[in-house]
Amino acid sequence: MNLFSVALKNLARKKVRTALTVGGVAIAIAVLVSLWGFDTGYQRSLNNDIDKMGYQVLVTAKGCPYEAATLMLQGGGGLRYMNEDVYKRISGDARIDKITPQLVATAYDPGKQSGRGGISLYMGIADSYLTLKPWSKFKSGKWFSDENALEAIMGYEVAEYEQRSVGDKILIPGRNEILTVVGIFERNGTQDDGIVFLPLKVAQKIFEVPDKLTGIGIKLKDMAQLSKFEEDLYNEPGIQIISLAQVKGTILNLVSSAKAMTNSVALIAVIIAVIGVVNTILMSVFERTSEIGVMKAIGASRLDIFRIIWVETTFICVFGGVLGNIMALLGGKTIEYILKSVLPYAPKGHLVVITPHILTLSFFGAVIMGLVAGLYPAFRASSMKPIEAIRKGE
Amino acid sequence: MKNTIIKAAELTKVYIRGTEEVYAVNGINLDITDGDFIALMGPSGSGKTTLLDLIGCLDSISSGSLEVFGKDVSRVKESKLVGLRRGHIGFIFQDFLLIPSLTAIENVELSLYFARKPQDRKKLVQLFEKVGLGHRINHLPKEMSGGERQRVAIARALAVSPKFLIADEPTGNLDTKSSQEIFDIFKNINKSEGLTIILATHNPKLGSQADHIIYLKDGKVVSKEESSLY
Ligand SMILES: Nc1ncnc2c1ncn2[C@@H]1O[C@H](COP(=O)(O)OP(=O)(O)OP(=O)(O)O)[C@@H](O)[C@H]1O
Ligand SMILES: [Mg+2]
């Protein structure tokens, strides 16, 4: 016999009550883990999205920067047009390492999403596109044969979804042009997976926006020159410059206000759980008044009693912590699904990433929660005087 | 010549109830020598339990003096009394007061744990046989009769090899037959091992079997006639 077995047997005595309390702790920990997991996962996916763009600066037509930021991540620029000669003018700048023009277009496809309809994304690109994304690989096929060829390269997911392979003919809904699929990219975990790429000139013709672009992606030789570069481009009419660092900040800002709210929800969950634990343990301490009295009579010290109660509380929180972690791991997918539908911008990839680090942290969080929650009940129990406790119980 | 292990002089315990002072133990002089078997008797409220609590170092004394194993208890702080009790004094209560979540043997092991003494299962099994419970050591208190529970409580008290036993109406919740059985256990231990036992009882038939009877009334020791009891 030792303190641990006494504590465990006490908890086992009132199974329903113990289970409910453990459940309360588990829910609080699950909420906490999910939120931390979301924090980690979201940042990670966002970084991935942004890094995989290959450029640090995007030049677009003037418009709402938030809208532009979002649309850009979904495919490279707001659907406002600028003239192609902007591209010609700035491409000679010596500070530029790589530069590529883009034209994003959309088409409503009534057959999408099992007949419910949806937007298909298209992007006109030039040969320089690949120099900015050297990691792009073909799963099958190859690059366009000519800049005027009626050809298409599909992102991994659209190809998968529409069951296309190289050589297939595709029709852009609403535009009576038939394109031949010449290549399919490998999956790279960004929005590119969902885009159909066309030669820039072909896109301009099909979507009837000759000599127009939606964006220009630029990689500078030296990022330190960014602000000077931006300043110089102020004189160009009708355009704005968005740096990806800025975009990231904007998106994280949007998310952080939501995060502040969810964090307070998590905090409330933890506080409620702690109150629940304190309440349960206090109740069981008072129920066991005469038992505690007799333990003291037969030689238990204050510290012995304190430790029994403390261990009980900590056990509850440790069980709750483990259970909460398991719940978070199992429930992560569901939470991800919900988050994807409510977030202003949801990057590709996993939004909730529960790392071993998070699990360890939350586990120790639960232990600390137990240690703190146990202090008061343990103090109350250890302060009982033996005869009073015995007589009160009679 | 046997040792005096408990020596009380003008021992007094006053409880404050509202504005009233209750002299639960009122100037008692008492010598208990090693190996004594003493029955405390007296009407309800006469101070038996209070006196046992004081002798058992469970409570602080109000005035007078009390020496237990030659130590002046009145000088010991209440929080330090546990050091005097632990492993030296065995307690048995009217309503057994076992830990309900622990089996018979676990209850006994726990007292050894608190007394910081080794938990030797073999010795414990022998002890259970001595109190007539050899076959029920793995049962929970709720699965046992009152008499059996009290045997567990006696085993719990004896396990730590105390210097004396304090039993407050140990047969108060038992029928006549089990009462005598339990009392016989006390008698046996006292005779065979010379363990000092101080026991409070309302039962004159049992009390008369002790070596000495101390009659209490209103917190004072009185003669048998004065006790106006029997
Ligand atoms: N904590 C307390 N506060 C106030 N008065 C008390 C307290 N404990 C006992 N008393 C009083 O002290 C007196 C002696 O009580 P005690 O319990 O010692 O009697 P007893 O002889 O054991 O009685 P019984 O045979 O009913 O067990 C009683 O008048 C009782 O009401
Ligand atoms: Mg009494």
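The values are calculated or read from the model by the stated rules, or taken from the named source; none is laboratory data. Just so it is clear, the structure is predicted and the values come from calculations on it, not from any experiment. No Cβ is skipped: glycine too gets one built from the backbone with ideal geometry, and neighbour counts run over all protein chains shown. Heavy atoms of the whole protein, side chains included, go into the accessibility calculation; ligands, DNA and RNA do not. Shrake-Rupley method; radii C 1.70, N 1.55, O 1.52, S 1.80 Å.
Some points to look at:
- Qualifying residue in segment B:8-29 (condition: over 22 Å from A:R391 (Cβ atoms), surrounded by fewer than 17 Cβ atoms within 10 Å (Cβ to Cβ) and hydroxyl-bearing (S, T, Y)): no
Conditions (1) of a type in the set (S, T, N, Q); (2) within 10 Å of chain A (Cβ to nearest Cβ); (3) surrounded by 21 or more Cβ atoms within 10 Å (Cβ to Cβ); (4) in a strand (DSSP E or B), marked per residue:
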{"residue": "B:S79", "(1), (2), (3), (4)": "yes, yes, no, no"}
{"residue": "B:L97", "(1), (2), (3), (4)": "no, yes, yes, no"}
{"residue": "B:L110", "(1), (2), (3), (4)": "no, yes, yes, no"}
{"residue": "B:L133", "(1), (2), (3), (4)": "no, no, yes, no"}
{"residue": "B:V152", "(1), (2), (3), (4)": "no, no, yes, no"}
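- The lone exception for B:T176 - which of (1) without any contact (Cβ under 8 Å) to a residue 24 or more places away in the chain; (2) within 14 Å of B:I92 (Cα to Cα) it fails: (2)
- Selected residue (only one of B:I89, B:I61 is touching a residue at least 40 places away in the same chain (Cβ under 8 Å) and either of a type in the set (S, T, Y) or at the interface with chain A (Cβ under 10 Å from one of its Cβ atoms) (or both)): B:I89
- Residue tally, condition within 16 Å of ligand 1 (Cβ to nearest atom) and within 25 Å of A:L323 (Cα to Cα), over segment A:357-394: 0
- Residue count for segment B:154-169 satisfying the condition of being without any contact (Cβ under 8 Å) to a residue 60 or more places away in the chain and surrounded by fewer than 23 Cβ atoms within 10 Å (Cβ to Cβ): 0.
- Taken over segment B:32-68, the criterion of being of a type in the set (G, A, S) and touching a strand residue (DSSP E or B) at 6+ places or on another chain (Cβ under 9 Å) is satisfied by B:G35, B:A39, B:G42, B:G45, B:S46, B:G47, B:G56, B:S60, B:S62, B:S63, B:G64, B:S65.
- In segment B:8-17, the count of residues that are within 16 Å of ligand 2 (Cβ to nearest atom), more than 14 Å from chain A (Cβ to nearest Cβ) and small (G, A, S) is zero.
- Residue ID - nearest to the other protein chains (Cβ to nearest Cβ), chosen from residues in segment A:35-44 that are open to solvent by 10 Å² or more (accessible area, probe 1.4 Å) and either part of a loop (DSSP other than H, G, I, E, B) or not aromatic (F, W, Y) (or both): A:L35
- Conditions (1) under 30 Å from A:V6 (Cβ atoms); (2) open to solvent by 10 Å² or more (accessible area, probe 1.4 Å); number of the one not met by B:I214: (1)
Every residue, every condition in (1) of a type outside the set (G, A, S); (2) more than 16 Å from ligand 1 (Cβ to nearest atom); (3) under 16 Å from the mean Cα position of the chain (by Cα), yes or no:
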site: B:P141; (1), (2), (3): yes, yes, no
site: B:V152; (1), (2), (3): yes, yes, yes
site: B:A159; (1), (2), (3): no, yes, yes
site: B:P170; (1), (2), (3): yes, no, yes
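- Number of positions in segment B:7-35 that are hydroxyl-bearing (S, T, Y) and closer than 19 Å to B:K71 by Cα: 2
- A:V57 fulfils the conditions (1) open to solvent by 20 Å² or more (accessible area, probe 1.4 Å); (2) farther than 23 Å from A:A260 by Cβ; (3) among the β-branched types (V, I, T) except for a single criterion, (1).
- Residues being within 14 Å of chain B (Cβ to nearest Cβ), open to solvent by 50 Å² or more (accessible area, probe 1.4 Å) and within 21 Å of A:K385 (Cα to Cα) are represented in segment A:307-325 by at least one member.
- If the condition is being within 14 Å of the chain's Cα centre (by Cα), polar (S, T, N, Q) and away from ligand 2 (no atom under 16 Å from the Cβ), then segment B:172-215 contributes B:N190, B:T196.
- When segment A:1-30 is filtered for residues that are open to solvent by 20 Å² or more (accessible area, probe 1.4 Å), within 14 Å of another protein chain (Cβ to nearest Cβ) and aliphatic (A, V, I, L, M), the ones remaining, listed by number, are A:M1, A:L8, A:A12.
Condition check ((1) open to solvent by 80 Å² or more (accessible area, probe 1.4 Å); (2) over 31 Å from the mean Cα position of the chain (by Cα)) across all residues:
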residue	(1), (2)
A:G124	no, no
A:Y129	no, no
A:W135	yes, no
A:K139	yes, no
A:N148	yes, yes
A:E151	no, yes
A:S165	no, yes
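- The one condition in (1) within 30 Å of B:N107 (Cβ to Cβ); (2) more than 9 Å from ligand 1 (Cβ to nearest atom); (3) open to solvent by less than 10 Å² (accessible area, probe 1.4 Å) that B:D36 fails to fulfil: (3)
- Test result for B:L66, buried (at least 20 other Cβ atoms within 10 Å of the Cβ), free of Cβ contacts under 8 Å to residues at least 60 places away in the same chain, more than 13 Å from ligand 2 (Cβ to nearest atom) and not small (G, A, S): no
- Considering segment B:112-131, and only residues there that are open to solvent by less than 40 Å² (accessible area, probe 1.4 Å) and assigned to a loop (DSSP other than H, G, I, E, B), the residue that is nearest to A:R13 (Cα to Cα) turns out to be B:A115.
- Residues of segment B:1-50 classified as touching a helix residue (DSSP H, G or I) at 6+ places or on another chain (Cβ under 7 Å), under 30 Å from B:S192 (Cβ atoms) and basic (K, R), total: 0
- Pairs where the first residue, in segment B:35-49, is within 14 Å of chain A (Cβ to nearest Cβ) and the second is within 13 Å of ligand 2 (Cβ to nearest atom) and hydroxyl-bearing (S, T, Y), C-beta under 9 Å, 6+ apart: B:K48/B:T201
- Every residue from segment B:26-68 that is polar (S, T, N, Q) and under 17 Å from B:F164 (Cβ atoms): B:T33, B:T49
- Members of segment A:211-265 that are among the polar types (S, T, N, Q) and over 17 Å from A:T60 (Cβ atoms): A:Q225, A:S227, A:N253, A:S256, A:S257, A:T262, A:N263, A:S264
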